[in-house]
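Asker: Next up is a structure, given as structure tokens.
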Ligand SMILES: Cc1cc2nc3c(=O)[nH]c(=O)nc-3n(C[C@H](O)[C@H](O)[C@H](O)COP(=O)(O)O)c2cc1C
């Protein structure tokens, strides 16, 4: 065992998460924590782990950027033909995890996934910097490519072709909405006796709040 790794540990003592202060639903609770996370200046506060599994049941996870949230769900943008896109096509369920270490907090969101519509995709795509829009046209995300030069040459070529023209969103590029059914808020506490509050969506549409053991 690597002793230097095993000895890395931190104890958490900044805050508490108690039922009496928790919001009635996970969207309001997320919004509260989100504002605090933004205010505390966390770098890449919108970076979240996205876990998916296709029909083979093998999980896969990667970081993506949260682009919006509302009572409808949490959205991110990607390439629909990517590995995650293929998995989400086979099994439209996902889990998102935020780790806001500066606040000793984690949020886990499990839900059903659907694609955003073309209008939402276009309107976000058009706000992206030109470089990123050309990047989206250039990259066959998750496919094996020959080498770095292939990518750079393709980018250069497309930049030339698209110069002065409106860069249309590729049809395979767009957003997904994760509609939560289970949301857990985790607040680090001393002695590893952390606070964990979980909201689960009931068939009535109401949210049930329960405390989980740490
Ligand atoms: C900080 C950070 C932000 C990222 N944001 C996105 C994103 O918003 N959308 C995206 O498709 N990939 C994003 N990526 C790249 C993904 O982690 C991943 O490499 C890519 O989406 C391909 O994943 P897949 O092969 O599992 O489909 C980001 C990576 C990092 C480290």
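The values are calculated or read from the model by the stated rules, or taken from the named source; none is laboratory data. In this text the structure is predicted, and so the values were computed from the model without any measurement. Every residue, glycine among them, receives a Cβ derived from its backbone with ideal geometry; neighbour counts consider all protein chains shown.
Asker: Yes or no: residue 30 touching a residue at least 40 places away in the same chain (Cβ under 8 Å), buried (at least 17 other Cβ atoms within 10 Å of the Cβ) and within 26 Å of residue 143 (Cα to Cα)?
Answerer: Considered against the rule, which asks whether it is touching a residue at least 40 places away in the same chain (Cβ under 8 Å), buried (at least 17 other Cβ atoms within 10 Å of the Cβ) and within 26 Å of residue 143 (Cα to Cα), residue 30 comes out as no.
Asker: Sticking with this one: For the range 94-113, state whether one or more residues are within 16 Å of the ligand (Cβ to nearest atom), at pLDDT 95 or above, more than 30 Å from residue 14 (Cβ to Cβ) and out of contact with any helix residue (DSSP H, G or I) (no Cβ under 7 Å at 6 or more places or on another chain).
Answerer: No; the residues of the range 94-113 include none that is within 16 Å of the ligand (Cβ to nearest atom), at pLDDT 95 or above, more than 30 Å from residue 14 (Cβ to Cβ) and out of contact with any helix residue (DSSP H, G or I) (no Cβ under 7 Å at 6 or more places or on another chain).
Asker: Report, by residue number, each residue of the range 67-90 that is part of a loop (DSSP other than H, G, I, E, B), near the ligand (Cβ under 8 Å from one of its atoms) and closer than 15 Å to residue 116 by Cβ.
Answerer: Correct list: 67 only.
Asker: Pairs, please: C-beta under 7 Å, at least 6 apart or cross-chain, first residue without any contact (Cβ under 8 Å) to a residue 12 or more places away in the chain and in the range 54-77, second within 12 Å of the ligand (Cβ to nearest atom)?
Answerer: What qualifies is 59/51; 59/53; 68/75.
Asker: Looking only at residues in the range 50-66 that are over 21 Å from residue 140 (Cα atoms) and either assigned to a strand (DSSP E or B) or in contact with a strand residue (DSSP E or B) (Cβ under 9 Å, 6 or more places away or on another chain) (or both), which one is nearest to the ligand (Cβ to nearest atom)?
Answerer: 66
Asker: May I pose another question? From the list 120, 136, exactly one residue is part of a helix (DSSP H, G or I), modelled with pLDDT of 95 or more and assigned by TED's automatic domain parsing to the domain that holds residue 101. Which is it?
Answerer: After ruling out the rest, the residue left standing is 120.
Asker: How many residues does the range 35-49 contain that are under 30 Å from residue 142 (Cα atoms) and either outside the structural domain of residue 85 (by TED's automatic domain parsing) or outside any loop (DSSP other than H, G, I, E, B) (or both)?
Answerer: 3
Asker: Quick one: would you say residue 144 is assigned by TED's automatic domain parsing to the domain that holds residue 94, closer than 24 Å to residue 87 by Cα and within 16 Å of the ligand (Cβ to nearest atom)?
Answerer: no
Asker: OK, next. Looking at 36, 29, which is the one that is touching a helix residue (DSSP H, G or I) at 6+ places or on another chain (Cβ under 8 Å) and away from the ligand (no atom under 16 Å from the Cβ)?
Answerer: Of 36, 29, the one residue that is touching a helix residue (DSSP H, G or I) at 6+ places or on another chain (Cβ under 8 Å) and away from the ligand (no atom under 16 Å from the Cβ) is 36.
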